[in-house]
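A short worksheet on the structure shown next.
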Amino acid sequence: MSFLMPKQNVFFTLFSDIGNDLVEISTLLDNLAREFKDFDTYAKRAEAIEHAADQRTHEIIGELNTSFVTPFDREDIFELIHATDSVLDLMYGAAKQTHLYKLREIPNEFREMADTIRKASIEINTAFNGLRDVLNLSKYKDNCHKIGELEEHADDINHRYLAMLFEEEKDAIELIKKKDILAALEKAVDRCDDVADILSSVIIKIA
């Protein structure tokens with residue numbers, strides 16, 4: 001059955017590459033939040049990463065349609081790549097909104113949220129790079145658990161900032177801008193948690 005392995009390796013390589021894309025774009029978003037300058041450069045780089053990841057997503061779907069044997073359930077692979085693609089789209093959207101909305105300042109909560117997304121992306125990337133070792137996926141349970149904790153932290157940031165925003169922001173347009181960007185950041189962390197849930201399900205099935 002060794003002739004089946006090249007096809008298997010295609011999935012592992014693509015997931016590893018997409019995991020790297022996640023870390024790269026989340027680090028870019030984190031740097032943007034910290035530096036709050038060179039918006040056009042950051043937005044263009046985020047777009048390039050997102051487009052490259054889209055291409056990998058299409059390749060994985062193409063492999064699913066042509067492969068007789070897959071590393072684990074087709075449905076799980078499809079859900080996993082769909083959820084990961086959503087994370088990338090939301091991070092790119094947040095970077096693009098920050099560029100287009102021309103905020104006068106960036107709240108510390110946005111920096112906290114961007115850092116949380118970066119940490120969650122690193123955990124996903126670690127697990128994706130371990131997919132090749134299918135029979136030992138259980139050792140990545142902790143990564144999934146950490147992502148869940150990060151998602152809870154992001155919820156706390158979101159609720160805390162929204163309460164402050166509606167109480168203190170007097171400019172309605174600025175309020176809408178900040179609320180939109182925060183929503184994209186918060187949804188990105190939620191989708192990271194979705195990825196972790198799918199990974200956890202795969203681990204349970206294979207264990």
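No value in this document is a laboratory result; all are computed from the given coordinates. On a predicted model such as this, the values are computed, not experimentally measured, just so you know. Reconstructed Cβ throughout: ideal geometry from the backbone, glycine too, with neighbour counts over all protein chains shown.
On the basis of being among the polar types (S, T, N, Q), over 21 Å from residue 70 (Cα atoms) and over 13 Å from the mean Cα position of the chain (by Cα), does residue 143 make the cut?
Yes, satisfied.
Would you kindly identify the helices (runs of 4 or more DSSP H) lying entirely within the range 89-207 that contain at least 3 residues that are among the β-branched types (Val, Ile, Thr) and either in contact with a Lys or Arg (Cβ under 9 Å, 6 or more places away or on another chain) or crowded, with 21+ Cβ neighbours inside 10 Å (or both)?
Numbers: elements: 108-129, 141-168, 172-206.
Once the helices (runs of 4 or more DSSP H) in the range 89-207 are filtered for at least 3 residues that are among the β-branched types (Val, Ile, Thr) and either in contact with a Lys or Arg (Cβ under 9 Å, 6 or more places away or on another chain) or crowded, with 21+ Cβ neighbours inside 10 Å (or both), what remains is 108-129, 172-206.
Condition check ((1) among the acidic types (Asp, Glu); (2) within 14 Å of residue 184 (Cα to Cα); (3) in contact with a Leu (Cβ under 7 Å, 6 or more places away or on another chain); (4) free of Cβ contacts under 8 Å to residues at least 12 places away in the same chain) across all residues:
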| residue | (1), (2), (3), (4) |
| --- | --- |
| 65 | no, no, no, yes |
| 79 | yes, no, no, no |
| 89 | yes, yes, no, no |
| 105 | yes, no, no, no |
| 121 | no, no, yes, no |
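If a residue has to be free of Cβ contacts under 8 Å to residues at least 24 places away in the same chain and within 14 Å of the chain's Cα centre (by Cα) to count, how many in the range 25-50 make the cut?
Matching residues across the range 25-50 total 0.
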